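Taking it in order: structure first as structure tokens, then the write-up.
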Protein chains: 2
Amino acid sequence: MAKQISNNIRKLRFEHDEMTQAALAEALGVTRQTVAAMEGNKYPPSLELAFKLADLFDEDISDVFEYNEIN
Amino acid sequence: MAKQISNNIRKLRFEHDEMTQAALAEALGVTRQTVAAMEGNKYPPSLELAFKLADLFDEDISDVFEYNEIN
DNA sequence: ACATCAAGTTAAATATAATTTACATAAAGT
DNA sequence: ACTTTATGTAAATTATATTTAACTTGATGT
């Protein structure tokens with residue numbers, strides 16, 4: 001019944017020339033720890049950062065983040 | 001060059017039986033002021049609230065929120 | 001074997017901004 | 001006029017997204 005946000009940032013990073021967390025962080029204007037945290041679903045990013053990320057990878061935001069039920 | 005998040009919550013509210021801000025807030029589990037604020041682009045909602053909202057209206061999140069350039 | 005560098009993880013602290021509380025206005029009905 | 005309903009907004013608070021900092025691991029070079 002509860003839902004949780006998940007993402008496929010890691011997959012996208014590797015599809016984009018095996019971009020490192022640090023490089024992605026730099027491109028987004030945040031620290032690499034922020035990238036690591038959202039990639040590991042430690043906490044969700046702000047909506048703006050989510051959009052920036054999707055933009056950067058030329059993806060639709062709903063193709064990067066999903067809101068699915070978990071047990 | 002700068003981008004800004006916008007939304008069509010108001011339109012969606014009216015398409016859904018002219019739902020009031022208060023009714024939407026109740027359904028989302030937030031106060032109506034939160035709905036008013038995000039509807040008026042005062043500030044973006046959290047990613048989770050954005051997803052809840054899209055879910056409620058059975059829309060894709062990118063059909064509710066857009067990240068467009070503003071002059 | 002040792003040192004260095006790049007990448008990842010995590011905890012704690014901070015700063016931001018998302019959300020609430022409280023007050024105010026306008027329209028519509030009685 | 002008065003009440004009710006819907007919306008708007010400022011200020012304060014809270015929550016949490018982000019940063020700073022420290023620790024770990026693996027690879028590479030000497």
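The values are calculated or read from the model by the stated rules, or taken from the named source; none is laboratory data. Just so it is clear, the structure is predicted and the values come from calculations on it, not from any experiment. Here the Cβ positions follow ideal geometry from the backbone for every residue, glycine too, while neighbour counts run over all protein chains shown. Ligands, DNA and RNA are excluded from the accessible area calculation, which covers all protein heavy atoms including side chains. Shrake-Rupley method; radii C 1.70, N 1.55, O 1.52, S 1.80 Å.
Distances between equivalent label points of A:L56 across the copies, with each point positioned 7 Å along Cα→Cβ, amount to 3.1 nm, shortest listed first. Here A:R32 sits with roughly 140 square angstrom of accessible surface, probe radius 1.4 Å.
Here the Debye sum runs over all C-alpha atoms of segment A:3-69 as equal scatterers in vacuum, and log10 of I(q)/I(0) at q = 0.13, 0.17, 0.19, 0.25 Å⁻¹ comes out as -0.30, -0.52, -0.65, -1.19.
Each other copy holds its own label point for B:A25; taking that point as 7 Å from Cα along Cα to Cβ, the gaps run 3.9 nm, nearest first. Normalised by residue count, the protein assembly as shown yields a Cα convex hull volume of 117 Å³ per residue.
Rounded to the nearest 20, the size of the Cβ-charge dipole of the protein assembly as shown about its Cα centre is 680 debye, with Lys and Arg at +1 and Asp and Glu at -1.
Dividing the mean sequence gap of close Cα pairs (under 8 Å, 6+ apart) by how many residues chain B holds gives a relative contact order of 50 percent. Computed from point charges on the beta carbon alone (+1 for Lys and Arg, -1 for Asp and Glu), the dipole magnitude for chain A about its Cα centre is near 400 Debye.
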